[in-house]
Amino acid sequence: MTTASHADPAPPAAGTVRLAAIQTVSGPGVDANLAAVAPLIAEAAAAGARVVALPEYFPLISSDEGAKVRIRECEGAGPLQDFLAETARRHGVWLVGGTIPLRAEVAGKVRNSTLVFDDEGRRVARYDKIHLFSFQRGEERYDEAATIEPGETVRCFDSPAGRTGLSVCYDLRFPELFRAMGEVELIILPAAFTYTTGRAHWETLLRARAIENQCYLMAPAQGGRHPNGRVTWGHSMIIDPWGEVLACRDEGEGVVIADLDPARIAAVRESLPALRHRCLG
């Protein structure tokens, strides 16, 4: 897959909505991570993006799993939420804040939460990751349930791109979640896929979710070797309703840009009316 670079993209065509997926390689320092992501959001806004999405865990990836608990915030108050609101307002974009740790009901755990802020800095949606990742192969081991409390509610909201569904990383493997969104124009999936699972399944699953729901899918990801030694797959992508990958960045920090065209969605759904042919669910 070609690494996308959009230093000076052409203006979006009339009737389309420009999307931007931010790829990062976050470390254990929150301030450093925010300083790294801020110019990428500015770059996306300068390129004409209306909807900008950050990856999962953009403020913190640490070998200390308790670190996310220590920086957790109450809903509506905290420096991470202030950063997202102020950045969205300053650049006049709808900002999907990857995930940040919010307070959970269980002591010692957090909700891995996606917060969405509109172009005036108002919070308009929250989704708590439902499916928690667990994986073990040799020395490679992950268990999100040790520090994360799962969410339980499917979330959609109305954005400049139309009806938009929220999901996070491991959710990608559960197609019933996306069916429960109903008909959407865009699915956003912030992620931090491991290199092992991403190399095997990432693109296949992303394209499948876009194809079966006949919508655009934007997946901002972590992509590279992190200070704690973890390696994430990257390959942040924007995919159209026919399953075509419109833009991708293989690894490293950067911005992936593509335009959502409502006419493209309508044409795909008209020529292949699979959503109308559903018999179950």
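The values are calculated or read from the model by the stated rules, or taken from the named source; none is laboratory data. Remember, it's a predicted structure, so these values are computed and weren't measured experimentally. Neighbour counts are summed over all protein chains in view; Cβ atoms, including those assigned to glycine, are modelled from backbone coordinates with ideal geometry.
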Any hit, segment 25-36, residues being in contact with a Gly (Cβ under 6 Å, 6 or more places away or on another chain), of a type in the set (A, V, I, L, M, F, W, C) and over 23 Å from ALA161 (Cα atoms): yes
Set ARG111, ARG141: member being over 21 Å from LEU186 (Cβ atoms), in a strand (DSSP E or B) and within 19 Å of the chain's Cα centre (by Cα): ARG111
Out of PRO241, PRO175, sole residue that is free of Cβ contacts under 8 Å to residues at least 40 places away in the same chain, under 26 Å from ASP8 (Cα atoms) and out of contact with any Gly (no Cβ under 6 Å at 6 or more places or on another chain): PRO241
Residue match in segment 78-88 (condition: buried (at least 21 other Cβ atoms within 10 Å of the Cβ) and not in a helix (DSSP H, G or I)): no
Positions within segment 169-220 being among the hydroxyl-bearing types (Ser, Thr, Tyr) and more than 14 Å from the chain's Cα centre (by Cα), in sequence order: THR194, TYR195, THR196, THR197, THR204
Given (1) under 19 Å from PHE83 (Cβ atoms); (2) small (Gly, Ala, Ser); (3) out of contact with any Lys or Arg (no Cβ under 7 Å at 6 or more places or on another chain), number of the condition GLY121 does not satisfy: (3)
Qualifying residue in segment 211-218 (condition: touching a strand residue (DSSP E or B) at 6+ places or on another chain (Cβ under 7 Å), at pLDDT 95 or above and among the charged types (D, E, K, R)): no
Inter-residue pairs, beta-carbon under 6 Å, first under 20 Å from PRO39 (Cα atoms) and among the β-branched types (Val, Ile, Thr) and in segment 1-19, second at pLDDT 85 or above and buried (at least 18 other Cβ atoms within 10 Å of the Cβ), 6+ apart: THR3/ARG249
Considering residues of segment 248-281 that are touching a Pro at 6+ places or on another chain (Cβ under 8 Å) and either surrounded by fewer than 13 Cβ atoms within 10 Å (Cβ to Cβ) or charged (D, E, K, R) (or both) only, the residue nearest to HIS226 (Cα to Cα): ASP259
Qualifying residue in segment 42-58 (condition: free of Cβ contacts under 8 Å to residues at least 12 places away in the same chain and out of contact with any Lys or Arg (no Cβ under 7 Å at 6 or more places or on another chain)): yes
In segment 102-142, the residues that are crowded, with 18+ Cβ neighbours inside 10 Å and of a type in the set (Lys, Arg): LYS109, ARG111, ARG126, LYS129
Qualifying residue in segment 44-58 (condition: aromatic (Phe, Trp, Tyr), farther than 22 Å from ALA161 by Cα, outside any helix (DSSP H, G or I) and at pLDDT 95 or above): yes
Every pair of residues 6+ apart whose Cβ atoms lie under 7 Å, when the first sits in segment 140-155 and is at pLDDT 95 or above while the second is hydroxyl-bearing (Ser, Thr, Tyr): GLY151/TYR127; ARG155/TYR127
